[in-house]
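Comments concern the structure below.
Where a number appears in this text, it was derived from the coordinates with a stated rule and is not lab data. The structure displayed is predicted, hence computed values, not measured ones. Note that each Cβ is placed from the backbone with ideal geometry, even for glycine, and that neighbours are counted across all protein chains shown.
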Amino acid sequence: MSDTAIPYMVKPHPVTGLPNGKLGIWLFLASEVMLFGALFSSYVLLRTGAAHWPPIEPGEAAQLSSQILNVPLATLNTAVLITSSITMVMAWASLKLNSLPRFKLYLGATIVLALVFLVVKYFEYSHKFEQGHYPSHNNFYAIYFTLTGLHGLHIVGGILVDANGRTSVEDVYAAGDCARFWSPTLGAAVRVEHFQTAGRHGEAVGSAMAGVDAPFLEVPWFWSDQYELNIQYVGGGLPWDELVVRGRFGTPPFTAFYLEQGRLRAAAGVNDGRTVSHARRLLATGVQVDREILADRSRDLKALAKRS
């Protein structure tokens, strides 16, 4: 491992005795257990506390859950979820075995299964909406849409909202880590899990809820200090097809610029906060810079950003 590598990504940390990656995935799984544990506990309390489940609506006859929900379709989607978990593990195992073709095969299968899941949910939800059944209809549908919708959110990667935080449901907004919001600045829908973006996006959405039409225009940015290394990233994690490095890659300070068809989409820097700050300004103003200029440390990116 080189002197500039982030410590303990592979070797066990002296305090925990585990590599940071393994500890991180355990923490993620623990958060999933707490999330779904709370949801299923709520479901049990609501069901045991109800005189009839599903609740009987005025003017409607009593029904069983199996009469309301499409059990065969739900069974199919459960099988899709389980199978996608298996193909994802097989993709990871293929990488460990240095088999790139098998990795592509299994990862492609996982993506296809994810799309199948979303298509099935689309038909399920469309049928419910046509009948006028929304999460606000009663506790049964609130639990149904929350529990099944969470699986969809894991795939889509956030609640889809517009530039003002509005969802497709009237008077319902989403902000922060859970939202995949449209960024007019980046020209794409992005989801960012960082406290600064979450806080400022929340402020913008709060203004929209109060009647102020002010789309969230800030370019996402975050940083992390890893021992002697300061890592900064600006952008929205969008697709890219070219990497341009300013400085010597692996030897701080350096910054990697991510381009898509020649257009700057993001930048990641190590001990190079000034360059990342200039890249943030370039992204915010939409100024396009030639790759040769991006790679040349003698060229002043600050001056280019100010010209905008």
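Okay, here's what the table says:
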read-out	value
Relative packing of 166-173, 135-142, which averages over residues the other C-beta atoms within 10 Å, highest first	135-142, 166-173
Sequence of Met88, Met34 once ranked by neighbouring C-beta atoms within 10 Å, starting from the fewest	Met34, Met88
Full-extension gain in nm, Ser31 to Ala198, via 0.36 nm per residue minus C-alpha separation	58.2 nm
Centre separation in Å (Cα based) which lies between segment 33-48 and segment 149-193	25
Gained length - Leu76 relative to Val245, 0.36 nm times residue gap less alpha-carbon distance	56.2 nm
Angstrom value of the Kirkwood radius, inverse mean 1/r, which spans all Cα pairs in segment 158-218	11.0
Pairwise FRET efficiency - Ala188 versus Val212, Cβ, R0 = 25 Å, nearest 0.05	0.60
Note, ³J(HN,Hα) from phi for segment 24-39, Karplus 6.51, -1.76, 1.60, rounded to Hz, x at Gly and Pro	x, 5, 5, 5, 4, 5, 5, 5, 5, 4, 5, 5, 6, x, 5, 5
Fraction in percent of alpha-carbon pairs per bin - 5 Å, segment 5-95	2, 10, 9, 13, 16, 13, 10, 8, 6, 6, 4, 2, 1, 0
Projected-area average for segment 100-224 over all orientations - Cα convex hull basis, square nanometres	10.2
Value of relative contact order over segment 158-218, rounded to a whole percent, pairs C-alpha under 8 Å and six or more apart	33
Inter-probe distance in nm under a simple model that places probes 7 Å from Cα toward Cβ, at Trp92 and Phe222	2.0
Amide H partners (placed H, <5 Å) of Ala179, local residues excluded	Ile159
Sequence of Tyr43, Tyr258 once ranked by neighbouring C-beta atoms within 10 Å, starting from the fewest	Tyr43, Tyr258
Overall dimensions of segment 160-308 as given by Cα atoms, namely Rg and Dmax in Å	16.3, 52
Which of Ala61, Gly21, Pro215, positive extreme of dipole for the chain (C-beta unit charges)	Gly21
In sequence order, calculated HN-Hα J values of segment 117-133 (Karplus, 6.51, -1.76, 1.60; Hz; x Gly/Pro)	4, 5, 5, 4, 5, 4, 5, 4, 5, 4, 5, 5, 5, 4, 7, x, 9
Debye intensity ratio in log₁₀ form over the Cα atoms of segment 221-307, taken at each q of 0.14, 0.20, 0.25 Å⁻¹	-0.41, -0.87, -1.36
Residues with amide H under 5 Å from that of Val245, placed H, sequence gap 5 or more	Phe257
Placed amide H near Ala188: partners under 5 Å, 5+ positions off or other chain	Ser183
Segment 73-118 and segment 201-267: distance between their alpha carbon centers, rounded to Å	29
Computed helical MRE - 222 nm, the chain, DSSP H runs ≥ 4 contributing -39500 (n - 2.57), nearest 500	-16000 deg cm²/dmol
Residue-wise HN-Hα coupling along segment 250-258, computed from phi with Karplus coefficients 6.51, -1.76, 1.60 (Hz; x: Gly, Pro)	x, 10, x, x, 7, 9, 9, 9, 9
Within straight-line cross-link reach of Lys104, aspartates and glutamates at Cα separation under 20 Å, skipping those fewer than 8 residues along the same chain	Asp241
Label-point separation in nm, Val169 to Leu45, each point 7 Å along Cα→Cβ	2.0
Packing-based exposure ordering (other Cβ within 10 Å, fewest first) of Ser99, Ser94	Ser99, Ser94
Correct option for Rg/Rh (Cα atoms, Kirkwood Rh) [calculated from the coordinates] among (i) 0.94; (ii) 1.03; (iii) 1.09	(ii)
Point-charge dipole on Cβ atoms (K/R +1, D/E -1) for the chain, about Cα centre, debye to 20	940
